[in-house]
Amino acid sequence: MATTPTNNRGTWNSKFGFILAAAGSAVGLGNIWRFPTEAASNGGAAFLFIYIICVVLIGLPVMIAELSIGRSTQKNPVGAFKALSSNKFFPLVGFWGVLCGVMILSFYTVIAGWTFSHVFVEIFTFTGLEGAANVLADFDNGFVNAAFALLFMGLTIAIIRGGVSEGIERATKLMMPLLIVILVVMAVYVMFQPGASEGLEVYLKPDFSLITGELVLAAMGQAFFSLSLGMGALITYGSYLSKKENLVEAASYVTLADVGIAFLAGLLIMPTIFLAQAQGVEIYNEAGEFLAGPALIFQILPELFVQMGGLVGLALGVSFFFLLSLAALTSTISLLEVPTSYIIDEYGVRRKKAALYVGLFVLIISLIISFNTALIDSIDFIFSVIGLPLGGLLICIFIGYFWKTRSAIDEIKQGFKDVRDSWFTTIWSIFIKFICPIIIIIILAQTLMG
Ligand code: PHE
């Protein structure tokens, strides 16, 4: 953010800059690490199908909702709810978002650390330094995990201290197209390998009998996680957005980019899982239950790069993990920006100090996770799968019944002149008041009762 001398807040440099930043927040490990892993453990194409339904029916409307709250108040999630209503409960929703952000960031940093360490694993493997490569690729080595988590958090803190617009806008502009190119190259390569078609079939040919309550919950959680929703990241990013911009259009682009990249990652990773399995890597047990844990992509992709062979494999491997690290960085930035903006706005702490303190606090949790990676699944379940949709539900209720969709539409209108005459107003209002909350409640309730 270009920080102005009068306050700690800034604005994005341009509309494109905002879309890049929000897409940078959305596109990350969620697309390339979490989405394929979830799809593989939840029935492949059936998961993809429900995931896309969740994105369209819940994700996009909630994204527009968050952006409108943020831009209207120009505040962090807690301050935003305070500014829009005298109701004492809703600032707690903002606070819950801040907490989810802190907890998600704490494990995200460890996985981002794995991503970055694999840049070196690729290089060491290629140059014959197997020993060094094995040390770095050992997910149970707490010290290595901690070192890379520290490095990653250090970078994130440094960027947030400087204010984010320049860095994020520039990094994303370069990273996103390159990442897409590499994903396409790899997906095409994989598709021509013997055995890949089995993976493609699992990924693209839905078996609707596989749809269970668990799958639907996982798909909804994935939609929230991947679109960075439910915890106020987009309230915060929206707060730096100029009134001239069309929120509906911006949200649509971000959603499209995010889903597109996740879909592409699935095209690469689902077949790769089957190739790896054919080579003896244990991914499912006899009963068809998913065995591979959060480290799955870090186990199977390096094999693929070796198989591609020579300098091409090295170049693709290094660039892939490097770009994925950058994609993760533009997401950790948005995760840290939420609690930081809260401390800046609500406690009047200067940006540099706030970013440092919050970052160090999160880092302590990350270090604990580095030595106990088994914690990742449970923290992810509580704060992403349950926490984010819960946040999204309360945001919908807030707009629908407290702030009122009318006021949100007034905000959207500033950058979308004809919004009142378009179909959008009616449809979106119905979604925010009824459809989104009802779907989220049903899915969460069936989980609680299960
Ligand atoms: N959307 C990010 C990803 O897919 C993660 C994230 C979640 C970022 C929530 C901000 C808020 O990697």
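What follows is calculated from the coordinates using simple rules that are stated; it is not laboratory data. This is a predicted model, so every value here is computed, not measured. In this analysis, Cβ positions are derived from the backbone assuming ideal geometry, glycine residues included, and neighbour counts consider all displayed protein chains.
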Amide proton proximity set for G230, modelled H, under 5 Å, gap of 5+: none
DSSP loop trypsin sites (Lys or Arg not before Pro) in region 295-361 with at most 15 other Cβ atoms within 10 Å of their Cβ, which ones? R350
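Checking the a/c ratio against 1.5 first, then a/b against b/c, what shape does the Cα gyration tensor give for region 173-228?
Here region 173-228 falls in the oblate category.
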Using amide H atoms built in the peptide plane, which far-off residues or other-chain residues are under 5 Å from Y284 H to H? L291
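For S407 and M449, what does the FRET efficiency come to when R0 = 45 Å and r is the distance between their Cβ atoms, rounded to the nearest 0.05? Before the final figure, lay out each step's value.
On the way: r = 35 Å, r/R0 = 0.78.
Efficiency, rounded to the nearest 0.05: 0.80.
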Picking from V62, V281, V27, which is most flexible by a Gaussian network model of the chain using Cα springs under 10 Å? V281
Students often check this: by mean Cβ neighbours within 10 Å, which of 125-134, 34-43 ranks highest, and how do the rest follow? 34-43, 125-134
GNM flexibility winner over the chain from F143, F47, F18 (Cα, springs under 10 Å): F143
Choice from I365, I333, I386 with maximal GNM fluctuation in the chain (Cα, 10 Å cutoff): I365
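Give, rounded to the nearest 20 debye, the magnitude of the charge dipole that the chain has about its Cα centre when Lys and Arg contribute +1 at Cβ and Asp and Glu contribute -1 at Cβ.
2200
What shape does region 258-376 take by its C-alpha gyration tensor, where a ≥ b ≥ c are the square roots of the eigenvalues and a/c under 1.5 counts as rounded, a/b above b/c as prolate, and the rest as oblate? Walk me through the intermediate numbers first.
On the way: a/c = 2.67, a/b = 1.95, b/c = 1.37.
Judged from the Cα gyration tensor, region 258-376 comes out prolate (a/c at least 1.5, a/b above b/c).
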Phi-derived 3J(HN,Hα) across region 381-390 with the Karplus relation (6.51, -1.76, 1.60, θ = phi - 60°), rounded Hz, x for Gly and Pro, is 5, 5, 8, 9, 6, 9, x, 5, x, 4
What angle, in degrees between 0 and 90 and rounded to the nearest 10, separates the Cα long axis of helix 15-26 from the longest principal axis of the Cα atoms of the chain? 50
Which whole-Hz ³J(HN,Hα) couplings does region 425-433 yield from phi under the Karplus relation 6.51 cos²θ - 1.76 cosθ + 1.60, θ = phi - 60°, glycine and proline marked x? 3, 5, 4, 4, 4, 5, 4, 5, 7
Distance in nm between pseudo-label sites at S242 and N285 (7 Å out along the Cβ direction from Cα): 5.7
Estimate the FRET efficiency between T127 and A158 by the formula 1/(1 + (r/R0)^6), using the beta-carbon distance for r and 25 Å for R0, to the nearest 0.05. 0.25
Taking θ as phi - 60°, what are the ³J(HN,Hα) couplings along region 338-353 by the Karplus curve (6.51, -1.76, 1.60), each to the nearest whole Hz, with x for Gly and Pro? 5, x, 5, 5, 5, 5, 4, 5, 8, 10, x, 7, 5, 3, 4, 5
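Tell me, what are the semi-axes, in whole angstrom and largest first, of the equivalent ellipsoid of the chain as set by the roots of 5 times the Cα gyration tensor eigenvalues? Can you show the working numbers first?
On the way: eigenvalues 241, 128, 78 Å².
Taking √(5λ) for each Cα gyration eigenvalue gives 35, 25, 20 Å.
If you keep only loop residues by DSSP, which GluC sites (Glu not before Pro) in region 204-307 have at most 15 other Cβ atoms within 10 Å of their Cβ?
Numbers: sites: E214, E245, E249, E282, E286, E289, E303; in loops: E245, E282, E286, E289.
For GluC sites (Glu not before Pro) across region 204-307 that sit outside H, G, I, E and B with at most 15 neighbouring Cβ atoms in 10 Å, the list reads E282, E286, E289.
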Degrees, to the nearest 10: 436-449 long Cα axis against longest axis of the chain: 50
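With a 10 Å radius around each residue's Cβ, average the other Cβ atoms per peptide and rank 264-270, 104-110, highest first. Write out the running numbers ahead of the final one.
Numbers: 264-270: 24.6, 104-110: 27.3.
Final packing ranking: 104-110, 264-270.
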Within the chain, how many Lys pairs that are eight or more residues apart, or on different chains, come under 12 Å at the alpha-carbon? 7
Quick one: helix 142-162 against the long Cα principal axis of the chain, what's the angle to the nearest 10°, folded into 0 to 90? 30
Going by amide H atoms built from the backbone, whose H comes under 5 Å of the H on T11, apart from near neighbours? A2
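Please give the FRET efficiency for I180 paired with A315, using the beta carbon to beta carbon distance and R0 = 22 Å, rounded to the nearest 0.05. Before the final figure, lay out each step's value.
Working: r = 17 Å, r/R0 = 0.75.
Efficiency for this residue pair is about 0.85.
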Report the Stokes-Einstein translational diffusion coefficient (µm² s⁻¹, integer) for region 206-293, Rh taken as the Kirkwood radius over Cα pairs, at 37 °C with viscosity 0.692 mPa s. 202
